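So the structure is just underneath, and the comments pick up after that.
Quick note: the coordinates plus some simple rules give every number you see, no bench work behind them. All of these numbers come straight from a predicted model, not from anything done at the bench. Positions of Cβ are generated from backbone atoms using ideal geometry, with glycine treated the same way; all protein chains shown enter the neighbour counts.
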Amino acid sequence: MLEQTILAGFGGQGVLMMGKLLAQSAMEEGISATWLPSYGPEMRGGTANCIVVISDDEIGSPVSESYDAVVAMNQPSLEKFESKVRPGGTMLINKSIVPIKASRDDVEVYYVAANDIAEHECGSTQAANVVMLGALQSVRQKLKSHSIEKAIAYVFASKGQSVIDSNLKAFAAGMTSLHQNATAC
């Protein structure tokens with residue numbers, strides 16, 4: 001198995017944390033993982049992204065010409081990374097704040113109201129990234145959901161049980177969102 005994913009959005013939307021959770025989940029399963037963040041002065045309000053690669057084998061490089069999945073939490077990320085999805089790959093778009101549709105018809109596209117779901121389920125849009133991680137898990141299923149839940153508990157342990165519980169709730173809501181609040185093209 002080799003799964004290459006780009007997670008992208010505004011600085012502050014938690015895309016780097018989403019990538020850390022994905023990589024930690026792979027490590028929970030004993031699978032090789034790389035996490036390559038990309039941000040700079042745009043960290044606060046500009047775009048930030050990370051590449052996560054998980055594989056049963058050693059990973060030579062996290063960088064590729066095309067990727068299996070792209071998660072776009074904002075419109076600039078959709079515009080920048082839509083062309084990077086392999087034909088037959090998957091795109092998840094945060095329809096809460098992205099007003100446009102994807103232009104590709106050779107990939108599976110899912111529109112997830114991540115901010116709205118996070119606000120409804122957790123009382124805050126801060127968990128929109130974990131909602132989107134749940135949606136990604138529901139369509140790609142390269143890792144066990146239990147591993148992602150363990151990664152959430154591990155990564156958020158220092159923030160207390162209420163933060164862990166809120167993020168577990170957001171993840172579960174994301175897992176079911178494609179059946180309730182999202183549409184696929």
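Just a few scattered comments:
- Given (i) -0.44, -0.98; (ii) -0.38, -0.87; (iii) -0.33, -0.79, the label whose value is log10 I(q)/I(0) by the Debye sum over Cα atoms at q = 0.10, 0.15 Å⁻¹ derived from this model: (iii)
- For region 61-149, the list of GluC sites (Glu not before Pro) that fall in a loop by DSSP and count at most 10 other C-beta atoms within 10 angstrom reads Glu65.
- Burial ordering of Ser103, Ser166, Ser64, fewest other beta-carbon atoms within 10 Å first: Ser103, Ser64, Ser166
- Among Ala33, Ala72, Ala157: highest mean-square fluctuation, GNM of the chain, C-alpha pairs under 10 Å: Ala157
- You can think of it this way: the chain between Ala172 and Leu36 has 46.4 nm of extra reach, that is 0.36 nm per residue less the Cα-Cα gap.
- Trypsin sites (Lys or Arg not before Pro), loop per DSSP, at most 12 other Cβ atoms within 10 Å - longest free stretch of the chain: 102-185
- Contour minus Cα-Cα distance for Glu58 and Ala157 (0.36 nm per residue): 32.8 nm
- Applying 1/(1 + (r/R0)^6) with r as the Cβ-Cβ distance of His179 and Glu65 and R0 = 45 angstrom yields a FRET efficiency of 0.85.
- Distant-in-sequence amide H partners of Ala113 (H built 1.01 Å from N, under 5 Å): Lys95
- Mean ellipticity per residue at 222 nm, deg cm²/dmol - from DSSP H runs of n ≥ 4 across the chain, formula -39500 (n - 2.57): -12500 deg cm²/dmol
- Pair Lys80, Ile100: separation of 7 Å Cα→Cβ label points (nm): 1.4 nm
- On the basis of the beta-carbon distance and an R0 of 22 Å, Asp165 and Lys144 show a calculated FRET efficiency of 0.65.
- Of Lys95/Lys150; Lys20/Lys144; Lys80/Lys101; Lys20/Lys169, those spanning more than 21 Å from alpha-carbon to alpha-carbon: Lys95/Lys150
- The chain - percent relative contact order, Cα under 8 Å, separation 6 or more: 21 percent
- Here the chain carries DSSP beta bridges of which approximately 55% are antiparallel, counting only pairs with both residues inside.
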